[in-house]
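Enquirer: Next up is a structure, given as structure tokens.
The values are calculated or read from the model by the stated rules, or taken from the named source; none is laboratory data. Treat the numbers as computed from the prediction; the structure is a model and nothing was measured. So basically every Cβ, Gly included, is an ideal-geometry build from the backbone, and we count neighbours across all protein chains shown. Heads up: the accessible areas ignore ligands, DNA and RNA and are worked out on the full protein's heavy atoms, side chains in. Shrake-Rupley method; radii C 1.70, N 1.55, O 1.52, S 1.80 Å.
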Amino acid sequence: MEDRPPDESALMRGVFEASPDAIVVIDADGRIVRANAQCSAVFGHDPDDLLGEPVEILVPPRLREAHPARRGAFTGGGGARAMGLLQLAAVRADGTEFPAEISLAAVSHDGEPLTCATVRDVTARLALQQESDRVREELLATVSHELRTPLTSIIGYTELLLDLGESQVGPAARRMLAIVERNANRELRLVNDLLDLAFLDDREHMDAEPVDLVEVVRAAVDGARVGARGRGLELSSTLAAGVAPDGARALLVTGDEQRLGQVLDNLLSNAVKFTAPGGRVLVDCAPREGDLALSVSDTGTGMEAVEVPRIFDRLYRSPRAVRDQVPGAGLGLSIVDSIVRAHGGRIEVDSEPGVGTTVSVLLPARVEPVA
Ligand SMILES: Nc1ncnc2c1ncn2[C@@H]1O[C@H](COP(=O)(O)OP(=O)(O)OP(=O)(O)O)[C@@H](O)[C@H]1O
Ligand SMILES: [Mg+2]
């Protein structure tokens with residue numbers, strides 16, 4: 001058999017027509033110069049009917065006016081600009097809108113600058129995603145209820161038993177009950193942490209109210225006092241000492257008071273846990289360049305520089321924490337990270353092994369409307 005040179009253009013046409021996505025090629029004036037067969041399935045237009053039409057025919061009427069300018073932004077400035085995947089609305093021949101994933105590429109043909117748009121209808125995929133989100137939420141809500149209800153009862157009855165007099169619960173039983181209580185509480189915290197991680201990523205689950213960080217600090221420091229004393233640590237805050245910055249005015253951010261309290265509780269629990277007896281833990285809150293910086297410093301074990309970027313990963317615990325059997329699951333800081341992100345803030349960590357650690361949370365200060 002004789003070797004024939006492959007017909008490249010026939011091959012390319014075949015690839016163009018075989019694509020599972022609709023593909024339209026547009027000239028510099030925004031007119032469609034090629035459209036593949038899939039356009040009839042995706043848009044309900046015969047591909048031949050599209051030739052010569054402005055590409056806006058595929059754009060929902062409400063967005064048509066603004067479209068040429070957006071198109072210019074892509075083709076202008078010398079062509080070949082890489083543009084990632086866009087999620088946009090598109091319209092079918094019958095006028096119905098659909099969510100589309102569109103990828104644009106600049107191509108040139110015989111010196112003419114063209115744009116190739118690949119369009120995929122993602123209606124089914126989005127519906128599937130919504131359905132799986134709903135199932136996940138439902139499952140988590142059920143599981144958490146099923147886990148929490150018996151745990152709360154175990155903790156409640158253990159407390160009742162511990163409240164009974166010496167004649168009914170002797171010292172040995174009391175010690176064992178205390179262990180049951182501690183572990184049940186630990187499990188409850190873990191269940192709550194896991195639930196938080198499942199839900200915290202979306203802002204829906206978060207308030208957007210004015211929150212006074214002075215109050216958040218007071219409450220968290222009060223909550224950590226017993227733990228700190230138990231470990232022989234000095235715990236203080238610049239606010240408790242009466243040196244509230246900014247003349248004792250409120251330090252306001254916009255957000256979810258309970259979640260911000262959780263941030264500080266977690267940072268304080270780490271500072272207390274990773275600081276040896278005799279050390280100090282300090283909480284500070286002060287304005288910093290349009291932000292409010294909420295920081296917790298300790299004179300504890302500190303961390304190596306390589307560890308710092310990993311401490312926000314779920315389940316990460318330093319080898320030292322594992323070796324020394326410091327209690328924890330490695331979830332606290334990933335929860336902190338999710339909450340801070342949802343508030344539009346960021347976290348800075350400054351740590352030196354053997355010296356201590358400062359973790360600062362920077363949150364945008366709330367701008368009060370001028371009266
Ligand atoms: N103040 C700190 N000083 C030294 N190491 C710290 C400090 N804060 C965090 N780390 C390190 O970062 C790791 C992750 O912290 P994270 O709060 O996420 O988990 P954890 O405290 O171990 O467990 P959990 O918070 O779930 O009870 C810790 O295990 C520890 O190795
Ligand atoms: Mg922690």
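Enquirer: So how many residues does region 113-137 have that are in contact (Cβ under 8 Å) with a residue 24 or more places away in the chain, hydroxyl-bearing (Ser, Thr, Tyr) and over 16 Å from GLY72 (Cα atoms)?
Expert: Count: 2.
Enquirer: Just the residues that are over 24 Å from GLU209 (Cα atoms), β-branched (Val, Ile, Thr) and near ligand 1 (Cβ under 10 Å from one of its atoms), please, taken from region 332-358.
Expert: Scanning region 332-358 gives VAL349, THR357, THR358.
Enquirer: Now for a different question. When you check SER103 against the structure, is it touching a residue at least 12 places away in the same chain (Cβ under 8 Å) and more than 26 Å from ILE32 (Cβ to Cβ), yes or no?
Expert: Working: touching a residue at least 12 places away in the same chain (Cβ under 8 Å): yes; more than 26 Å from ILE32 (Cβ to Cβ): no.
No: the conditions fail for SER103.
Enquirer: Follow-up. Would region 309-331 turn up any residue that is among the hydrophobic types (A, V, I, L, M, F, W, C), within 11 Å of ligand 1 (Cβ to nearest atom), at pLDDT 95 or above and over 23 Å from VAL216 (Cβ atoms)?
Expert: No, region 309-331 has no match at all.
Enquirer: Can you find a residue that is buried (at least 19 other Cβ atoms within 10 Å of the Cβ) and within 28 Å of ALA73 (Cα to Cα) anywhere in region 7-21? Break it down stepwise before answering.
Expert: Taking region 7-21 as the starting set, the residues that turn out to be buried (at least 19 other Cβ atoms within 10 Å of the Cβ) are none.
No - not one qualifying residue is present in region 7-21.
Enquirer: Of the numbered conditions (1) within 14 Å of ligand 2 (Cβ to nearest atom); (2) crowded, with 20+ Cβ neighbours inside 10 Å, GLY330 satisfies every one except a single condition; which is it?
Expert: Failed condition: (2).
Enquirer: Here's another thing I want to ask about it. Looking at region 113-132, can you tell me whether even one residue there is among the β-branched types (Val, Ile, Thr) and closer than 30 Å to LEU195 by Cα? Show your work before the answer.
Expert: From region 113-132, those among the β-branched types (Val, Ile, Thr) are 115, 118-119, 122-123; that's our starting set.
When the remaining residues are screened for being closer than 30 Å to LEU195 by Cα, the result is 122-123.
Taking every residue of region 113-132 in turn, at least one turns out to be among the β-branched types (Val, Ile, Thr) and closer than 30 Å to LEU195 by Cα.
Enquirer: So, one more: Provide a single number: the residues in region 292-306 that are surrounded by fewer than 18 Cβ atoms within 10 Å (Cβ to Cβ) and acidic (Asp, Glu).
Expert: Adding up the residues that qualify gives 1.
Enquirer: A follow-up question, please. What single numbered condition from (1) among the acidic types (Asp, Glu); (2) under 30 Å from LEU315 (Cα atoms); (3) loosely packed, with under 15 Cβ neighbours inside 10 Å; (4) modelled with pLDDT under 90 fails to hold for ASP222?
Expert: (4)
Enquirer: Looking at region 280-293 only, could you name the residues that are more than 16 Å from ligand 2 (Cβ to nearest atom) and either in contact with a Lys or Arg (Cβ under 8 Å, 6 or more places away or on another chain) or in contact (Cβ under 8 Å) with a residue 60 or more places away in the chain (or both)?
Expert: Let us first name the residues in region 280-293 that are more than 16 Å from ligand 2 (Cβ to nearest atom), namely 280, 282, 284-293.
Once the filter is applied, which keeps residues that are more than 16 Å from ligand 2 (Cβ to nearest atom) and either in contact with a Lys or Arg (Cβ under 8 Å, 6 or more places away or on another chain) or in contact (Cβ under 8 Å) with a residue 60 or more places away in the chain (or both), region 280-293 yields CYS285, PRO287, ARG288, GLY290, ASP291, LEU292, ALA293.
Enquirer: Is region 149-158 home to any residue that is open to solvent by less than 40 Å² (accessible area, probe 1.4 Å) and in contact with a Phe, Trp or Tyr (Cβ under 9 Å, 6 or more places away or on another chain)? Walk me through how you get there before you give the answer.
Expert: Within region 149-158, the first condition is being open to solvent by less than 40 Å² (accessible area, probe 1.4 Å), and the residues that meet it are 151, 155-156, 158.
Adding the requirement that they be in contact with a Phe, Trp or Tyr (Cβ under 9 Å, 6 or more places away or on another chain) leaves none.
Checking region 149-158: not a single residue is open to solvent by less than 40 Å² (accessible area, probe 1.4 Å) and in contact with a Phe, Trp or Tyr (Cβ under 9 Å, 6 or more places away or on another chain).
Enquirer: Examine region 189-209 for a residue that is open to solvent by 80 Å² or more (accessible area, probe 1.4 Å), under 29 Å from THR301 (Cα atoms) and modelled with pLDDT under 90, and state whether such a residue exists.
Expert: Kept after step one, since they are open to solvent by 80 Å² or more (accessible area, probe 1.4 Å), are these residues of region 189-209: 189, 194, 201, 203-204, 207, 209.
From what's left, under 29 Å from THR301 (Cα atoms): 189, 194.
From what's left, modelled with pLDDT under 90: 189, 194.
Taking every residue of region 189-209 in turn, at least one turns out to be open to solvent by 80 Å² or more (accessible area, probe 1.4 Å), under 29 Å from THR301 (Cα atoms) and modelled with pLDDT under 90.
Enquirer: Given the conditions (1) in contact (Cβ under 8 Å) with a residue 12 or more places away in the chain; (2) in the same structural domain as ALA73 (by TED's automatic domain parsing); (3) among the acidic types (Asp, Glu), which single one is not true for ASP110?
Expert: It is condition (1) that ASP110 fails.
Enquirer: If you scan region 303-327, which residues turn out to be within 10 Å of ligand 2 (Cβ to nearest atom) and of a type in the set (Val, Ile, Thr)?
Expert: The first filter runs over region 303-327 and keeps only residues within 10 Å of ligand 2 (Cβ to nearest atom), leaving 311, 317, 321, 326-327.
ILE311, VAL326, listed by residue number.
Enquirer: Go through (1) within 15 Å of ARG120 (Cβ to Cβ); (2) loosely packed, with under 13 Cβ neighbours inside 10 Å; (3) modelled with pLDDT of 85 or more for LEU58 and report which single condition fails.
Expert: The one condition LEU58 does not meet is (2).
Enquirer: Only residues that are at pLDDT below 95 and among the aliphatic types (A, V, I, L, M): list them for region 277-292, please.
Expert: ALA286, LEU292
Enquirer: In addition: Could you look through region 313-371, keep only residues that are free of Cβ contacts under 8 Å to residues at least 12 places away in the same chain and aliphatic (A, V, I, L, M), and pick out the one that is farthest from ARG288 (Cα to Cα)?
Expert: Filtering first and then ranking leaves VAL322.
Enquirer: Being of a type in the set (S, T, N, Q) and open to solvent by less than 40 Å² (accessible area, probe 1.4 Å) narrows it down to one of THR275, THR254, so name that one.
Expert: One residue alone meets the criteria, THR275.
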